[in-house]
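The values are calculated or read from the model by the stated rules, or taken from the named source; none is laboratory data. It should be emphasised that the depicted structure is a prediction, and the values quoted were computed from it without experimental measurement. Neighbour counts are summed over all protein chains in view; Cβ atoms, including those assigned to glycine, are modelled from backbone coordinates with ideal geometry.
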Amino acid sequence: MSTDMTTPVQPLVIDHIGFLVENLEEAIERWSVATGYTFSPIARYRTQSWVDDSNPEPHWHDARISFSKEGSPAIELMEFHGEGTHSAREGEGFHHIAFMNVTDIQERKQQMAQLGFSNNGQAIDENGNVILWFTEKKDLNNVRLEYVSADPQPIVADNGDALAPDAAGKPDLWAPR
């Protein structure tokens, strides 16, 4: 990793902290009891164009997720999925620190690469733009960083139905279903 840390990236506010779990329903129940937080109905981050260490070619990704209403940062619970960044081999527990509404993911990736950070997962939209990007956890004390673009993300209800958009036009996890 590069040791030139003289030019830090622009600071961003932490939006949420992600945790991997084996069983999402059980985790929501336990986290709710332990924290008093309310968690969203289960949704899915579903894309045909996921790239991670399990496959460098864009492939299917269908991660079940739930976010806490409370917090700053919020808590994201994600159920094990696939063979890469969200797999059971990662183990339950801490997964990432997330920054939302990043206006230029490519620029952030370049800045982080200059600091010695590598890629460990990304979602690509239909136009080839990176809309979500994870750093490699070994690059920062076993902590993965997630950068999410300001673009709407491919999030659907647990049953695959589209979610109603929020005021910003993004899928609303809290809208009645």
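Give me the residue from segment 121-159 that is over 13 Å from the mean Cα position of the chain (by Cα) and at positive phi and, out of that set, surrounded by the fewest Cβ atoms within 10 Å (Cβ to Cβ). The residue in question is N141.
Being part of a loop (DSSP other than H, G, I, E, B) and in contact with an Asp or Glu (Cβ under 8 Å, 6 or more places away or on another chain) is the requirement here; does H81 meet it? Criteria met by H81. Mind listing whichever residues of segment 100-126 are within 25 Å of F67 (Cβ to Cβ) and either among the small types (G, A, S) or touching a Gly at 6+ places or on another chain (Cβ under 8 Å) (or both)? Answer for segment 100-126, where residues must be within 25 Å of F67 (Cβ to Cβ) and either among the small types (G, A, S) or touching a Gly at 6+ places or on another chain (Cβ under 8 Å) (or both): G121, A123.
Going through (1) in a strand (DSSP E or B); (2) among the charged types (D, E, K, R); (3) more than 28 Å from A162 (Cβ to Cβ) one by one, E57 falls short only on (3). For segment 9-46, how many residues meet the condition of being modelled with pLDDT under 95 and either in contact with a strand residue (DSSP E or B) (Cβ under 6 Å, 6 or more places away or on another chain) or hydroxyl-bearing (S, T, Y) (or both)? The total comes to 1. Cβ-Cβ contacts under 7 Å between residues 6 or more apart (or on different chains), taken from a first residue in segment 59-76 that is closer than 14 Å to A157 by Cβ to a second residue that is surrounded by fewer than 16 Cβ atoms within 10 Å (Cβ to Cβ), are listed as R64/D158. The set of residues in segment 47-67 that are over 18 Å from H95 (Cα atoms) and of a type outside the set (F, W, Y) comprises T47, Q48, S49, N55, P56, E57, P58, H59.
Where strands (runs of 3 or more DSSP E) fall wholly inside segment 94-177, the ranges with 1 or more residues that are in contact with a Lys or Arg (Cβ under 6 Å, 6 or more places away or on another chain) are 130-135, 144-149, 155-157. The residue pairs whose first member lies in segment 22-48 and is farther than 19 Å from N159 by Cα, whose second member is modelled with pLDDT under 95 and surrounded by fewer than 17 Cβ atoms within 10 Å (Cβ to Cβ), and whose beta carbons are closer than 7 Å, counting only pairs six or more residues apart or on different chains, are Y37/G71.
From the list G93, G84, pick out the single residue that is of a type in the set (G, A, S), more than 20 Å from V13 (Cβ to Cβ) and either in contact with a helix residue (DSSP H, G or I) (Cβ under 7 Å, 6 or more places away or on another chain) or loosely packed, with under 14 Cβ neighbours inside 10 Å (or both). Before you say what the answer is, go through the steps one by one.
Values: G84 fails: either in contact with a helix residue (DSSP H, G or I) (Cβ under 7 Å, 6 or more places away or on another chain) or loosely packed, with under 14 Cβ neighbours inside 10 Å (or both).
Criteria check complete, one pass: G93.
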